[in-house]
1. How do Arg366, Arg56, Arg354 line up, fewest other C-beta atoms within 10 Å first?
2. Which net charge results when you count Lys and Arg as +1 and Asp and Glu as -1 among the other residues whose beta-carbon is under 11 Å from that of Gln116?
3. Fewest first, what order do Asp4, Asp464, Asp285 take by the number of other Cβ atoms within 10 Å?
4. Express the relative contact order of the range 267-431 as a whole percentage, based on alpha carbon pairs under 8 Å and six or more residues apart in sequence.
5. Could you give the distance between the Cα centres of the range 163-210 and the range 467-512, to the whole Å?
6. Taking every alpha carbon pair in the range 1-130, what does the distance histogram look like in 10 angstrom bins from 0, in percent?
7. List Ser98, Ser324 from most exposed to least, where exposure is judged by having the fewest other Cβ atoms within 10 Å.
8. Specify which residue in the list Ile26, Leu125, Phe161 is farthest towards the positive end of the charge dipole of the range 2-172, using unit charges on the beta carbon of Lys, Arg (+1) and Asp, Glu (-1), about the Cα centre.
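Throughout, read-outs are computed from the coordinates displayed, never taken from laboratory work. Everything numeric in this text was worked out from a predicted model, so none of it was measured. Don't worry about glycine lacking a Cβ; one is built from the backbone with ideal geometry, like all the others, and counts go over all protein chains shown.
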Amino acid sequence: MEIDKAIRESDDRRLKTKYNNAIYVIKRALALYSIEEVAFSFNGGKDSTALLHLLRAGYFLHRAEQNHCNGDINDHEFLFPIVTIYFESSSAFPEINSFTYETASTYGLQLDILRQDFKSGLEALLKAKPIRAIFLGVRFGDPTAVGQEQFSPSSPGWPPFMRVNPILDWSYRDIWAFLLTCKVQYCSLYDQGYTSIGSIHDTVPNALLGVNNLGNSKEKFKPAYLLPDGRLERAGRAKKCSPPVSGCFSAVSNGLKSVDVHENGMLKASVIAVGDEILFGSIADQLGPSLCRKLCSIGWTVSQIAVVRNDVDSVAEEVERRKSENDMVFIYGGVGPLHSDVTVAGVAKAFGVRVAPDEEFEEYLRHLIGDKCTGDRNEMAQLPEGITNLLHHDKLPVPLIKCLNVIILSATNITELDREWDCLIELTRSSGFLELAGPFVAKHLRTTLSDVETAQPLSKLCLDFPDVSIGCYRESRYGSLVISFRGKNEARVEAAIEALCKKFHPGAFNEIN
């Protein structure tokens, strides 16, 4: 059977495990119910397409076991006899309808086409046929998956049947790994940037897959399997307008929180370092100053850099304060398997959510750690529930963790920070995780004038140029005074410098790089 052969020849251990578990559920259902008593709900989407081919493989293997075959039987000896339910809707994408009927023709599906609402259609079907169990492509994370298990009776008020969910524990990545490994056809909409398909009234391409095409009036999108983080697969489900009208939905407004630019054009960030060793003076924090420079290089202003203890409450209190005051918060330190690594738990507490196991993140950790750390590996894969996005990049051994407007960095030294930052900027340019603001214009003047001589003119200058950041510092304890000017408008920075120089004798200031 081509599906089973493709999986057996794959090097993806995770996919093999998911496949074997799904096949077990399918074969179990086929052992409990006769073929006349089972049905398959197909809607043309990626999940039900994956389930279709799992059912084909599961039925093939089930029959092979019954007939005591070695599994190398010709595929054509087994037609697909499971009743396939398709609810045809006037609000469905034409591509979905076309794909469904083409698939039915290709694999000989016995389509029962229902044009009523789901519940009424199901009631009519179950009255007409002896169906007792229905295979569904439900996965954890779907709105209907709450409380379901692999075998779950239908909900009260619905006609009685057993819901069979072979892919309940599959992730978005698992679905695409299966479809691509098996090289099966899927709906063409997924190659146009759609990642979760509902009706024509509430579905748009996922903005995270958008490709910038300068000079091209029609935006293009990368295929769905390139979505960096499967948690955002439903980001293409736009909020419905009432009533739906043309132009009501925007492909670039997927319900994602965008960073607001302040009226003065400044984006604010806060930097938090977690580590008792910094507070004790055991080590000097090098990451904080480096991160500040990196943020300034993309036009962000850093409102504060703070150091907190390795304590969940300390982390939570600081994050809670800063996340509402800043456009973005960067936090590092305290990430790992040790008892002092409390950053993730602190971030979760700041947002009022629990930490929960993340299967996808654990897979990355498993490849990174192997069998070196079995006891703590699951603990490290616990992430803030419902607010976490994983930022994937092929140059990072594990994804960066983004919890709404808080980014958790795992870097422990400058080299690692440089790599994580470069990847973050690349991801920003392709997927918009950060706002890249206009760069600062920075100028520095050196003078031998005293603080007393420059104090009053500088105070007046700050009032005259509120859009320019004017700072002072001594190069060393007894060195020259350096006055810095930073702003987004070069003309305004130059005007501030000129205004200051006019207040003193020529040669009082020298510009330095």
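1. On the way: Arg366 16, Arg56 23, Arg354 12.
Ordered from fewest to most neighbouring Cβ atoms within 10 Å, Arg366, Arg56, Arg354 come out as Arg354, Arg366, Arg56.
2. Details: positive: Arg115, Lys119; negative: Glu88, Asp117, Glu123.
That sum, taken over residues with Cβ under 11 Å, equals -1.
3. Values: Asp4 21, Asp464 11, Asp285 18.
Neighbour counts put them in this order, fewest first: Asp464, Asp285, Asp4.
4. Values: 279 pairs, mean separation 36.0, N = 165.
Result for the range 267-431 is 22 percent.
5. Centre-to-centre distance over Cα atoms comes out at 56 Å.
6. 11, 39, 35, 14, 1
7. Working: Ser98 13, Ser324 10.
If I rank by nearby Cβ atoms, fewest first, I get Ser324, Ser98.
8. Value: Phe161.
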